[in-house]
Amino acid sequence: MKITIAFGCLLTAASLAAQDSRQAARQEETRACIQCHGLRLIHSQRLSTAAWGKEVDKMIGWGAEVKNRQLLLDYLAAEYPDTKPLPDDPKSADGRKR
């Protein structure tokens with residue numbers, strides 16, 4: 001019984017840590033990226049980890065202030081991998097809703 005409770009506490013702590021890390025990554029994404037473009041541009045991309053790394057490095061080269069490159073890269077690669085389907089665009093090419 002004690003082992004089950006301890007294991008449950010460990011799982012809860014791990015889940016909270018993962019949520020904190022994801023929140024920190026989202027904040028890094030917002031802080032570093034929206035200075036130049038909207039998040040919709042990022043969220044519509046589907047890239048491999050290597051390609052996300054090149055994109056992040058390119059943006060840093062263009063002046064993006066990324067405080068934690070690895071955190072941002074891990075988040076982008078997990079949330080927007082090249083294996084995930086593209087989202088439906090709620091607007092047409094001219095910006096009007098479909």
| note | Within segment 44-53, the residues that are surrounded by 12 or more Cβ atoms within 10 Å (Cβ to Cβ) and assigned to a helix (DSSP H, G or I) are Thr49, Ala51, Trp52, Gly53
| Within segment 61-83, considering residues that are loosely packed, with under 14 Cβ neighbours inside 10 Å and in a helix (DSSP H, G or I), the one nearest to the chain's Cα centre (by Cα) | Ala78
| task | Kindly indicate which of Ala51, Ala18 is modelled with pLDDT of 95 or more and farther than 10 Å from Leu72 by Cα. | result | Ala51
| Pair list, Cβ under 9 Å, 6 or more apart: segment 44-64 residue under 22 Å from Pro87 (Cβ atoms), other residue of a type in the set (Val, Ile, Thr) and part of a helix (DSSP H, G or I) | Glu55/Ile42
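The values are calculated or read from the model by the stated rules, or taken from the named source; none is laboratory data. Note that the structure is a prediction, hence the values are computed from the model and not measured. Heads up, the Cβs are rebuilt from the backbone with ideal geometry, glycines too, and the neighbour counts pull from every protein chain shown.
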